[in-house]
1. Given the DSSP H assignment, sum -39500 (n - 2.57) over each helix run of at least 4 residues in chain B and divide by its residue total; what's the result at 222 nm in deg cm²/dmol, nearest 500?
2. Ordering B:70, A:139 by how much accessible area each has at a 1.4 Å probe, largest first, what is the list?
3. Under 18 Å from a label point 7 Å along Cα→Cβ of residue B:137: give me every residue in segment B:162-193 with its amide N that close.
4. In nm, to one decimal, how far is the residue A:190 label point from the residue A:82 one, both placed 7 Å along Cα→Cβ?
5. Could you tell me the center-to-center distance, by alpha carbons, between segment B:63-105 and segment A:6-55 in angstrom?
6. Among B:136, B:10, what's the order by accessible area (1.4 angstrom probe), most exposed first?
7. Write down the accessible area per residue of chain A in Å², having rolled a 1.4 Å probe over the full set of protein chains.
8. Give me the residues in segment B:163-193 whose solvent-accessible area, probe 1.4 Å, is reduced by at least 40 Å² once all protein chains are included instead of the chain isolated.
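The values are calculated or read from the model by the stated rules, or taken from the named source; none is laboratory data. All of these numbers come straight from a predicted model, not from anything done at the bench. Cβ sites come from the backbone with ideal geometry, for glycine too, and all protein chains shown count toward neighbours. For the accessible areas, the whole protein counts, side chains as well, though only heavy atoms, and no ligand, DNA or RNA atoms are used. Shrake-Rupley method; radii C 1.70, N 1.55, O 1.52, S 1.80 Å.
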Protein chains: 2
Amino acid sequence: MPKTEIFNRENVLKQATEVFHTKGYNATSMQDLVDVTGLNRSSIYNSFESKHNLYLECLKLYENKYQRIISKVLLASNSPINAIKSLFNMYLKETLSDTKTKGCLIVNCKSEMANQNMAIQNFLLNNQKGTIELLEDLIEKGQKGESINKSKSKQEYALYLFSSMQGFRMTGILVNDKDQLQGLINTTLQNLK
Amino acid sequence: MPKTEIFNRENVLKQATEVFHTKGYNATSMQDLVDVTGLNRSSIYNSFESKHNLYLECLKLYENKYQRIISKVLLASNSPINAIKSLFNMYLKETLSDTKTKGCLIVNCKSEMANQNMAIQNFLLNNQKGTIELLEDLIEKGQKGESINKSKSKQEYALYLFSSMQGFRMTGILVNDKDQLQGLINTTLQNLK
DNA sequence: TTTTATTTGAAATGGACGTTTCAAAATTAT
DNA sequence: ATAATTTTGAAACGTCCATTTCAAATAAAA
């Protein structure tokens, strides 16, 4: 019977994600991935097929990680507007704790690869769709419960928040002051009240 | 006396910018630049020193181009709030006319290189400083003339708009519907009224 | 026309790239 | 132990990378 895979697949993906996140896809070499994972080159190809496929798996793991975090945030919130506030505060916390100022892996991926690779573009479109749907649900509830104003439709506010989140992630790359970023969140959410 | 440079420097920079903008810095090869400019490899090195320096010059040209466009927009506006609206509409126009959905060169640059290269980071910080100062001036005037509300300081609204612009540029990469993007602008600016 | 300085073309530099190969080591079930 | 099957290590694959080299072509000034 076969010798079984000895390494922890998810752990390897986390290590690879850290490199891709720090350097971007194109600036990350296979040697970087060998170094950071401690795996042999051929083991990586055996287990992940190609650099591109490994990157896609990193993206999916990153997406799942945030989906889990977001679910917790939503469950812990007592109102839709507070849920949205908590989402932004979660991104604020991530931004402040990121010593390498890497920004968001998915936003960076969109910037680097959305117009170059169809598999990536489809991942991004799907991610966008899911995020906007989640925001639409929150806004609909908030508007019904009167904690979010009705001067714009749920679709309009969802796109606004989706866009604001990307702006926040980009801004956080070169603005690391907590008060400024907290102010930015407050200003962004003032629009919904 | 010497044979003089035969090519148009600014034109070469425009051609190089188009490639860098489409593929990003790391995915653009010197061969790509040779192909698109029609120049010889050694002529490029003679005139632009290195790929990295050529990229920096492209960034500066791109920055200058938008500074000129923005100046015109500001001069043509009859109020600060309309000036801001025109700025966003200018970005909307750029987004819709960009068939390759490249986004903003400077936003993409920040995503790809801000945490990797100090010369680039300094350029980006300087660009950020200039943009925010311009927005602060507009907001100050708008708040004095009562077309922009005073519930936030000019610093807070300037950072909000700066962040919103980046979000808009990112969103425009995968959302190409004019009405949706126009709605996004309206929602963003509703916050100032 | 000759001198002088520069641009040009084409080839070469050495190294890094993503990926493949394959024998040797390792591990599990018989 | 032996057989079966996979992972591993190390080297090699061919290609492309950014950059350099240098002789030949060029063009303005003397």
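1. -24500 deg cm²/dmol
2. The residues order as B:70, A:139, largest area first.
3. Only B:162 fall inside the zone, counting backbone N under 18 Å.
4. Here the modelled spin labels are 2.3 nm apart.
5. Between the Cα centre of segment B:63-105 and that of segment A:6-55, the gap is 40 Å.
6. Output order, biggest surface exposure first: B:10, B:136.
7. That works out to 47 Å² for each residue.
8. Flagged in segment B:163-193: B:163, B:170, B:171, B:174, B:184, B:187, B:190, B:191.
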